[in-house]
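> I'd like to ask some things about the structure below.
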Amino acid sequence: MDATAFEDLAEKTIESLFDSIDEAIGDDADVDLENGILTVELEDGRQYVINKHSPNQQIWLSSPISGAAHYGYDDESAAWVSTRSRDVLIDVLSPEMTQIAGRTVTL
């Protein structure tokens, strides 16, 4: 994928995550998107950080539940897939947001 396509796809993905997470748990957390960095601060002080890493063409996640992971875009599955575990980004985040919200969250 060329750099421009990565930038567009990563930005759209992070903006979509912001909208979905804010709608799902915005009452239970401070959800903010600034300069392409999505932060979700939970009431107990734990924090998620989701951002793009352009040199590696990855989206990086720092989660207080699952830890840190890097996701590269997989054309075949049309999803952001972990470079280590092969987990899909939204398949990691959805159950974590469900746990936080206490109700089913689908991203």
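> Among the residues of segment 60-75, how many are out of contact with any strand residue (DSSP E or B) (no Cβ under 6 Å at 6 or more places or on another chain) and open to solvent by 30 Å² or more (accessible area, probe 1.4 Å)?
Quick first cut of segment 60-75, residues out of contact with any strand residue (DSSP E or B) (no Cβ under 6 Å at 6 or more places or on another chain) only: 64-67, 75.
If we keep only those that are open to solvent by 30 Å² or more (accessible area, probe 1.4 Å) as well, we get 64-66, 75.
So the answer is 4.
Each row is one residue, and each column tells you yes or no for (1) touching a helix residue (DSSP H, G or I) at 6+ places or on another chain (Cβ under 7 Å); (2) assigned to a strand (DSSP E or B); (3) closer than 22 Å to GLN99 by Cα.
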| residue | (1), (2), (3) |
| --- | --- |
| ASP44 | no, no, yes |
| ILE50 | yes, yes, yes |
| SER62 | no, yes, yes |
| ALA68 | no, yes, yes |
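> State the number of residues belonging to segment 67-87 that are under 12 Å from the mean Cα position of the chain (by Cα) and touching a residue at least 24 places away in the same chain (Cβ under 8 Å).
Final tally of qualifying residues: 1.
> Shifting gears a bit: State the number of residues belonging to segment 5-42 that are within 18 Å of VAL88 (Cβ to Cβ), in a helix (DSSP H, G or I), hydrophobic (A, V, I, L, M, F, W, C) and touching a helix residue (DSSP H, G or I) at 6+ places or on another chain (Cβ under 9 Å).
The total comes to 5.
> Still on this structure: Could you please find all residues in segment 88-99 being touching a residue at least 24 places away in the same chain (Cβ under 8 Å) and open to solvent by less than 40 Å² (accessible area, probe 1.4 Å)?
LEU89, VAL92, LEU93, GLU96, MET97, listed by residue number.
> Just the residues that are within 9 Å of the chain's Cα centre (by Cα) and either hydrophobic (A, V, I, L, M, F, W, C) or on the phi > 0 side of the Ramachandran plot (or both), please, taken from segment 22-62.
LEU38, VAL49, ILE50, ILE59, TRP60, LEU61
> Does LYS52 meet the test of being more than 19 Å from VAL105 (Cα to Cα), surrounded by 15 or more Cβ atoms within 10 Å (Cβ to Cβ) and basic (Lys, Arg)? Don't jump to the end; show me each part of the working.
On the way: more than 19 Å from VAL105 (Cα to Cα): yes; surrounded by 15 or more Cβ atoms within 10 Å (Cβ to Cβ): yes; basic (Lys, Arg): yes.
Spelling it out, LYS52 is indeed more than 19 Å from VAL105 (Cα to Cα), surrounded by 15 or more Cβ atoms within 10 Å (Cβ to Cβ) and basic (Lys, Arg).
> Looking at (1) touching a strand residue (DSSP E or B) at 6+ places or on another chain (Cβ under 9 Å); (2) modelled with pLDDT of 95 or more, which one does ALA78 not meet, given that it meets all the others?
In the conditions (1) touching a strand residue (DSSP E or B) at 6+ places or on another chain (Cβ under 9 Å); (2) modelled with pLDDT of 95 or more, ALA78 misses (1) alone.
> Only one residue in LEU38, LEU9 is open to solvent by 30 Å² or more (accessible area, probe 1.4 Å), over 16 Å from VAL105 (Cα atoms) and touching a Phe, Trp or Tyr at 6+ places or on another chain (Cβ under 7 Å). Which one?
Numbers: LEU38 fails: open to solvent by 30 Å² or more (accessible area, probe 1.4 Å).
Exactly one of LEU38, LEU9 is open to solvent by 30 Å² or more (accessible area, probe 1.4 Å), over 16 Å from VAL105 (Cα atoms) and touching a Phe, Trp or Tyr at 6+ places or on another chain (Cβ under 7 Å), namely LEU9.
> Quick one: how many residues across segment 86-107 are in a loop (DSSP other than H, G, I, E, B) and at pLDDT 95 or above? Can you show your working first?
We begin by selecting, within segment 86-107, every residue in a loop (DSSP other than H, G, I, E, B); these are 86-87, 102-107.
From what is left, the residues that are at pLDDT 95 or above are 87.
Of the residues in that region, 1 qualify.
The values are calculated or read from the model by the stated rules, or taken from the named source; none is laboratory data. As the structure is a computational prediction, the values presented were derived from the model and not from experiment. Methodologically, a virtual Cβ is constructed for each residue, glycine included, from the backbone with ideal geometry; neighbour enumeration extends over all protein chains shown. Just so you know, the surface numbers come from the protein's heavy atoms only, side chains and all, with ligands and any DNA or RNA stripped out. Shrake-Rupley method; radii C 1.70, N 1.55, O 1.52, S 1.80 Å.
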